[in-house]
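This report refers to the structure that appears directly beneath it.
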Amino acid sequence: MLLILPLTFALYGHFFMKDIQALKDFLRSRKKIVITTHANPDADALGSSLGLHHFLQKLGHKVYTVVPTSYPDFLTWMPGNDQVKNYEEIQEEADKLVMNADLLFCLDFSGFGRIKKMKEVAQRTSAEVALVDHHLNPEINPTFNFWNDQAAATAELIYDLIAAYTGTQEITKEIAECLYAGIMTDTGSFKHSSTTSKVHRIVADLIDLGADVNKVSRSIYDTNSVGRLRFLGYALAEKLIVRDEYRVAYFVIDENDFRTFDLKQGDTEGLVNYALSITGIVIAAIIIERDSEVKMSFRSIGDYAVNKFAAEYFQGGGHKNASGGISDLPLAETERKLNELIEKNILNTQYQ
Ligand code: 5GP
Ligand code: MN
């Protein structure tokens, strides 16, 4: 026993084997399982959800994946996409599924605030809750806990979960591609400091298990519309504000820009990284006005912790180097507030 415990922990890293064992015991008989993830799902949210969906289905369970909102077209290629239910479209049916479920899997978020209108039913159901997530400060108290903020992606945790549950031989090409997509995007294509040697070992394994890396990366990154590319040029030329004395750069995108370039959901994704790529800039932000909501994204390098900043000033949170939030103020006032904080050096001194 003394030998086995450290060995299994070393193999499966993040997991407490007792939660795997408890989950296995619970799933011994066929169960109704709902998987959900955060609003505006990204590739990690959707990839980890669908990867787990295929795996649990293979084990013989009745599985439903319900997302709180729609997601961009560049994610619809994922195997199993046709089975994803959008809560916004089928609220009544989804409420029943969640209420009748034996188990609710919460993936890639750890506070019910991030599932928008689904929050109410998620808190009302008597289903057991399993949490698989890598965000800081989890608020959910699950029955089965697979939370670890050291993981680069929730998809990495799903890989670990499957490895510890059955062994990786159960990972099909479909599962491998879903998980690869989540890890590729959450590590910024293997560039962020979260890209450990373990991440590379996992993706090597996913490739051996059938993931077509070229297909996945082209499906996600090389499906631009002409409008999106022209918007990118316009945003870089006209919408980038550089406050180099404070080492901060940011974009402000308004509703009019969305109309002019016929932008779709997800078309502003990645823009903030251009601001962070400027030499000397350590913090980047983007303020986006859409559907009368003002959404913020923050990125930073090194020790600048934008999650704490987002939590304190913009009702948000996230990771140290990638966070987001929302603003109650109109666009222009939000920009003014951001500038006041920049000029007080709040971003780049207080949150180190
Ligand atoms: P993005 O800027 O790509 O929308 O989000 C980056 C990260 O910030 C996400 O992975 C998530 O952890 C966090 N995040 C984004 N928006 C919010 C928000 O409104 N609230 C919280 N708590 N976290 C957010
Ligand atoms: Mn993630």
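The values are calculated or read from the model by the stated rules, or taken from the named source; none is laboratory data. This is a predicted model, so every value here is computed, not measured. Positions of Cβ are generated from backbone atoms using ideal geometry, with glycine treated the same way; all protein chains shown enter the neighbour counts. Surface areas here come from the heavy atoms of the whole protein model, side chains and all, with no ligands, DNA or RNA. Shrake-Rupley method; radii C 1.70, N 1.55, O 1.52, S 1.80 Å.
For the reader, a short list of remarks on this structure follows.
- Selection from the stretch 235-254 of residues that are exposed (fewer than 14 other Cβ atoms within 10 Å of the Cβ) and either touching a residue at least 24 places away in the same chain (Cβ under 8 Å) or within 25 Å of the chain's Cα centre (by Cα) (or both): Leu236, Asp244
- Total residues in the stretch 103-137, condition in a loop (DSSP other than H, G, I, E, B), away from ligand 1 (no atom under 11 Å from the Cβ) and in contact with a Leu (Cβ under 9 Å, 6 or more places away or on another chain): 2
- Within the stretch 52-79, tally of residues that are over 23 Å from Glu269 (Cα atoms) and out of contact with any Phe, Trp or Tyr (no Cβ under 7 Å at 6 or more places or on another chain): 13
- Within the stretch 213-227, the set of residues being open to solvent by 40 Å² or more (accessible area, probe 1.4 Å) and either touching a Ser or Thr at 6+ places or on another chain (Cβ under 9 Å) or within 17 Å of Gln169 (Cα to Cα) (or both) comprises just one member, Tyr221.
- Search result, residues across the stretch 157-187 that are of a type in the set (Gly, Ala, Ser) and either open to solvent by 50 Å² or more (accessible area, probe 1.4 Å) or closer than 12 Å to Gly47 by Cα (or both): Ala176, Ala181, Gly182
- Residue identified as away from ligand 1 (no atom under 16 Å from the Cβ), open to solvent by less than 20 Å² (accessible area, probe 1.4 Å), farther than 30 Å from Arg259 by Cβ and out of contact with any Lys or Arg (no Cβ under 7 Å at 6 or more places or on another chain) among Phe231, Phe146, Phe190: Phe146
- Among residues of the stretch 301-326 being more than 16 Å from ligand 2 (Cβ to nearest atom) and touching a residue at least 40 places away in the same chain (Cβ under 8 Å), the one that is surrounded by the most Cβ atoms within 10 Å (Cβ to Cβ) is Phe309.
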